Structure formats: structure tokens, C-alpha cells
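Report on one structure; see the data block that follows.
Values in this text are rule-based calculations from the coordinates and carry no lab data. Treat the numbers as computed from the prediction; the structure is a model and nothing was measured. Neighbour counts are summed over all protein chains in view; Cβ atoms, including those assigned to glycine, are modelled from backbone coordinates with ideal geometry.
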Amino acid sequence: MNVLQVSAECYPAVKKGGLGDVVGSLPKYLNKLGINTSVVVPKYDLPWFQDHEFEDIYESSANMGPERFYFKIERAKADPLTFPFYAVDIQGRFDRPGVYIDPITGFPYWDEFERFLSFQIAVLEWVLHNDAKPDVIHCHDHHTGMIPFMMTKSFRYGDLESIPTVITVHNAEYQGTHSARKAHLLPEFDWNDYGMLDWNSQFNCLASAIKTAWRVTTVSPSYMEELKFSSSGLEELFRKESGKSQGILNGIDSSVWDPSTDSFIAKNYKVDSVEEGKRENKKVLCESFGLNPELPTFAFIGRLAREKGADLLPDLISDFIHEKEEVNFVVLGSGDSELERLFTNMKDRHTGFFNTHLGYNEKLSHQIYAGADCMVMPSRVEPCGLNQMYAMKYGTMPVVRAVGGLKDTVIDVDKGGTGIQFKDFNLLDSMHALRRALERYRDPKTFNETRKRMMRLNFSWKNSAKEYRKLYQQLTKTKGQM
Ligand code: ADP
């Protein structure tokens with residue numbers, strides 16, 4: 001079976017968050033299970049694309065409303081990602097250094113819809129004209145959400161209608177809503193079908209994908225349930241489409257995230273050398289941030305966004321440091337400019353106890369997973385969350401709010417698990433959780449035992465990839481019956 005994954009991100013070529021990790025790793029595990037999986041992304045003007053050689057596979061032009069645009073489908077030579085990896089080159093749209101946000105202005109690109117629509121049209125043109133058709137087209141998030149609609153409603157792609165589509169919702173907070181006028185840019189369709197593009201009187205790319213894809217998945221079972229009651233306006237739609245929806249927990253790529261082989265960290269370690277490994281890595285981490293490596297070290301990595309509960313952090317960290325005066329806190333992240341300003345000020349207020357790197361730094365993130373004692377995740381919403389799984393793989397105790405994927409992956413130490421959970425999103429509960437983590441840390445023998453237990457947990461993609469395989473198999477069988 002051949003599956004084509006269509007995505008805006010794929011690690012290591014392009015990653016802005018968990019989507020990149022998932023699309024960069026799931027295909028490896030699907031290929032091991034005998035599903036021939038390839039990935040196609042836009043060809044951004046990013047270092048990875050400049051540093052790798054591509055060969056031309058298909059070249060053509062297509063219409064997007066009144067505009068005719070040219071595109072090239074290119075394949076990375078020698079499969080550096082281990083699976084076939086394609087990039088769509090569209091001059092004038094993706095030959096820019098930002099993925100979603102223009103690094104010069106700090107705002108999303110003005111033509112977000114046109115950029116990703118041209119990408120999706122180019123992918124469908126390629127599929128339409130290629131003799132070898134995929135058996136399933138798997139789309140990810142709203143940037144690829146027009147594909148299921150175009151495959152079922154645009155006259156031009158009528159021949160693709162029988163190819164099953166899957167939409168995976170990695171984050172329902174971002175839906176790709178646009179003015180209804182933008183629908184005129186889509187390849188011609190019967191306007192009686194406009195309802196398939198609309199939700200709550202808005203042209204909504206994610207809602208359209210949920211309506212028109214053959215199947216809908218989200219990245220954890222708990223998130224799937226939560227979406228039915230809280231999904232920024234899509235609740236009723238998720239409830240309505242629950243018959244074709246399921247939650248499949250993300251896994252982690254052990255060829256990238258393994259402290260015994262990770263080339264980004266100062267000292268490699270395994271379960272039986274975790275004590276020494278953590279000590280060495282903590283030393284390097286703390287020294288680079290001007291912190292005392294003898295102190296318990298807490299960390300946060302992630303987007304500085306409301307969803308991640310990042311707005312709780314300044315008060316939480318300040319109170320925690322004031323109360324204890326013997327803890328370190330490190331923040332790696334970027335996002336909300338007001339939060340970035342607050343964190344910068346906190347460096348002066350808590351010198352020697354708090355430090356931050358504001359920006360995106362893949363290598364540093366690995367060193368933090370390896371060097372920190374506890375990873376704090378006070379998320380308001382967490383579709384799956386990978387940080388807590390990486391943390392546990394590196395023997396770092398997660399302190400998490402019990403929501404979405406965090407609820408599915410972190411079991412509280414009081415229930416025989418390996419992390420700390422708290423329920424309500426507020427300062428009191430999160431502070432209490434940090435105190436509980438600190439108490440555990442202060443009992444080195446049990447803390448080390450817990451570390452060993454968490455490192456042995458299996459968060460591999462193996463099981464989840466089997467669920468995707470099952471889903472694809474069901475879909476191709478259904479297709480045969482149509
Ligand atoms: P998201 O909702 O942002 O996708 P996930 O938990 O699913 O959250 O995935 C986050 C991924 O992005 C993890 O691999 C994490 O290590 C990484 N990450 C987030 N922020 C940064 C950053 N500032 N620097 C490096 N890596 C980051």
C-alpha cells in the first residue's frame with residue numbers, strides 16, 4: 001500500500017513544533033510495517049533545503065483563481081530522511097525564510113491561504129498526472145485541509161475522488177479561517193457545495209477537512225474527547241463527525257530521541273548510568289545558563305502561547321524561586337512578545353536562579369531534556385504533547401496539567417506512575433505540583449528509581465503506527481466495496 005503524507009512540516013527539513021516531529025517519524029515506522037509512505041512539503045527557503053540535493057520529478061503550471069502559477073515537484077536525493085521526501089517549489093510563495101510567520105515583521109504572511117492552496121493544488125496536479133496513484137492521502141492540520149474538499153468537490157479532480165483521505169488534527173486552535181471570497185480561488189466546484197467549506201458563517205479550512213475527509217484522527221484519545229466540548233467553535237462538528245473519528249497517540253522517534261545515542265547532548269547515558277549522565281548534562285546546562293548545578297533544575301520548553309499555559313509561568317516561577325530560593329528554572333521558547341519581555345526582565349530579578357533562551361534551538365532543547373530534573377507543562381490545551389515523552393525518555397520528571405495527551409501519557413507518582421499531575425489551571429495547584437516534584441527530588445534514592453522506570457516506558461511509534469496501518473487498511477477495503 002502507498003500512502004502520501006501532505007504536511008507543512010517534516011523534521012529535520014522543517015519543524016516548528018510537534019507536527020514536524022510526527023510527520024518526520026511516523027513514515028519511518030509505517031515503512032517498517034510494510035506501508036510505503038512518502039511525505040510532501042512546500043520547499044521553503046530554509047537551510048535544510050539549501051544543504052540537500054533534489055531531483056526534479058514533475059513540473060507544470062496550474063490555476064489558482066485568475067492566477068496561473070508554475071511549480072516543480074522535487075525529490076530529495078538519496079532519501080536523507082530514509083523515506084521518499086518530496087518538496088514543492090513554488091516561486092513567489094515559498095522562497096521565503098519563514099514557515100508561517102514572516103521573520104522580518106513577526107506576523108503571519110499576508111497570503112497564507114494562497115501559499116498553502118497553491119501547494120495543495122500542485123500536489124493534486126502531480127497525483128492526477130502520475131500513473132502511480134497513492135492508495136491513501138493523509139493530510140495534516142488546516143494547511144492541507146482543502147485537499148479532501150478538492151478531491152471530492154472540484155470537477156478537475158473528479159478522477160481522484162475514490163482515493164481515501166485522512167485528516168489528522170494536531171491542533172484545533174488553528175483552523176485557517178478566511179473570507180468567503182477566497183473560495184473563488186479553489187478549482188471550480190458546484191456552489192451548492194459551499195456548505196462543505198463553511199462553519200459558523202466562516203470559510204474554515206479545518207472544518208472543511210473534517211467534513212469532507214474520509215476519516216478524522218487526532219493525536220491522543222483524550223484530546224479527541226475534549227474537542228467535542230472545547231475546540232474553539234468546532235465542538236458540534238466534532239460531535240457530529242465522531243463516527244468517522246478516532247484518537248491515536250503520537251509516538252516518539254527513538255532514532256532521534258535517545259539519550260544513549262543523542263549527538264546533541266554533552267554526555268550519553270542509559271538507564272543504568274542515568275545518575276551520572278544526568279549529573280554531567282546538568283552541569284553543562286547550568287554552566288551555560290549561569291546557574292548552580294547543585295540545585296534542582298526545572299525547565300519549560302515550548303511555544304510561549306496561552307495554549308501552553310505559558311502566561312502562568314512568570315508568576316509561578318517567581319513565586320517558586322522566592323519561596324525556595326534554592327531552585328533553578330530554565331525557559332526555552334518563543335512566541336508572545338509580552339511574555340518574552342517578562343522573561344527577559346526576570347533574568348535580572350532572579351539572577352543565578354532563572355535564565356531563558358528566547359528563540360527556537362533544537363540542539364539546546366535536547367540538552368535541556370538531558371540536563372533538567374523536572375519538565376513543567378502547565379498547558380491549558382495539549383493535543384498530545386511530545387515534551388513530556390521526551391522528558392521521560394531522558395529521565396526528567398514531567399510536572400503536567402492533566403489535560404489531553406498529558407493525561408494519557410503521564411501517570412502520577414502517587415498512583416505508581418512517573419510524573420506529577422495537577423488538575424486545575426491556576427497558580428495554587430501548579431505551585432503545589434512543583435512542591436511535590438521538589439519533595440521527590442529531595443529523596444535521591446526514590447527519585448533515581450523513578451527516573452529509571454520512566455526511561456523504560458515505551459513511547460515508541462510501533463503501536464501507534466499499527467493503528468494507522470489498520471485505519472489505512474480499513475479505508476482501502478471500504479474503497480474496494482464502493
Ligand atoms: P506543539 O503544540 O508546539 O506542537 P508539542 O509538544 O507537540 O507542541 O511539540 C513541541 C516540539 O517542539 C518538541 O519537539 C519541542 O522540543 C519542540 N520545541 C518547542 N519549542 C522549542 C524551542 N523554542 N526550541 C526548540 N525546540 C522547541
Checklist entry - Going through the DSSP H helices of the chain, which span 24 Å or more along their own axis at the Cα atoms while scoring at least -0.5 as a mean Kyte-Doolittle hydropathy? => result 112-129
Item to check | Relative contact order for region 271-458, counting Cα pairs under 8 Å that sit 6 or more residues apart, in percent | outcome: 22 percent
Next on the checklist: Among Phe459, Gly335, Leu160, which residue has its Cα furthest toward the positive end of the charge dipole of the chain, with +1 on Lys/Arg Cβ and -1 on Asp/Glu Cβ?
Outcome noted: Phe459
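Grab the Cα-Cα distance for Glu467 and Ser242, subtract it from 0.36 nm times how many residues apart they are, and report the gain in nm with one decimal. Write out the running numbers ahead of the final one.
Numbers: separation 225, 0.36 × 225 = 81.00 nm, distance 1.71 nm.
Here the answer is 79.3 nm.
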Item to check | Intensity falloff of region 159-202 expressed as log10 I(q)/I(0), Debye formula with alpha-carbon point scatterers, at q = 0.20 Å⁻¹ | outcome: -0.92
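How large is Rg over Rh for region 205-249, taking Rg from the Cα atoms and Rh as the Kirkwood inverse mean of 1/r across Cα pairs? Please report the intermediate quantities before stating the final value.
Values: Rg = 9.4 Å, Rh = 10.3 Å.
Reported Rg/Rh, Kirkwood definition of Rh: 0.92.
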Next on the checklist: Give me the dipole magnitude in Debye, nearest 20, for the chain about the Cα centre, with unit charges on the beta carbon: positive for Lys and Arg, negative for Asp and Glu.
Outcome noted: 1280 debye
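Can you pull the semi-axes for region 376-431, root of five times each eigenvalue of the Cα gyration tensor, sorted largest first, whole Å?
On the way: eigenvalues 51, 33, 19 Å².
Here the semi-axes work out to 16, 13, 10 Å.
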Item to check | Ratio Rg/Rh [Cα only; Rh per Kirkwood] for region 439-482 | outcome: 1.50
Item to check | Global size of region 282-373 as Cα Rg and Dmax, reported in angstrom | outcome: 12.0, 32
Checklist outcome for this item: Averaging 1/r across every pair of distinct alpha carbons in the chain and inverting yields a Kirkwood hydrodynamic radius, in angstrom, of 23.3 Å
Next on the checklist: Using only the Cα atoms of region 271-458, what are the Rg and Dmax in Å?
Outcome noted: 14.8, 43
Checklist entry - Taking Cα centroids, how far is region 239-266 from region 429-452 in Å? => result 25 Å
Item to check | Low-density loop positions, GluC sites (Glu not before Pro), region 13-62 - DSSP coil, at most 16 other Cβ in 10 Å | outcome: Glu53
Checklist outcome for this item: If Leu434, Leu81 are placed from fewest to most neighbouring beta carbons inside 10 Å, the sequence is Leu81, Leu434
Checklist entry - Measuring from the lowest to the highest alpha carbon on each principal axis, how far does region 60-169 reach, largest first, in angstroms? => result 42, 37, 30
Next on the checklist: Could you order the peptides 214-221, 355-362 from most to least packed, using the average number of other C-beta atoms within 10 Å per residue?
Outcome noted: 214-221, 355-362
Item to check | Helical contribution to [θ] at 222 nm, DSSP H n ≥ 4, -39,500 (n - 2.57), averaged over the chain, rounded to 500 | outcome: -11500 deg cm²/dmol
Checklist entry - If R0 is 51 Å, what FRET efficiency do you get for Ser60 and Lys270 from their C-beta distance, rounded to 0.05? => result 0.50
Checklist entry - Considering only Met1, Ser232, Phe149, whose Cα is most displaced toward the positive end of the charge dipole of the chain, charges sitting on Cβ of Lys, Arg (+1) and Asp, Glu (-1)? => result Met1
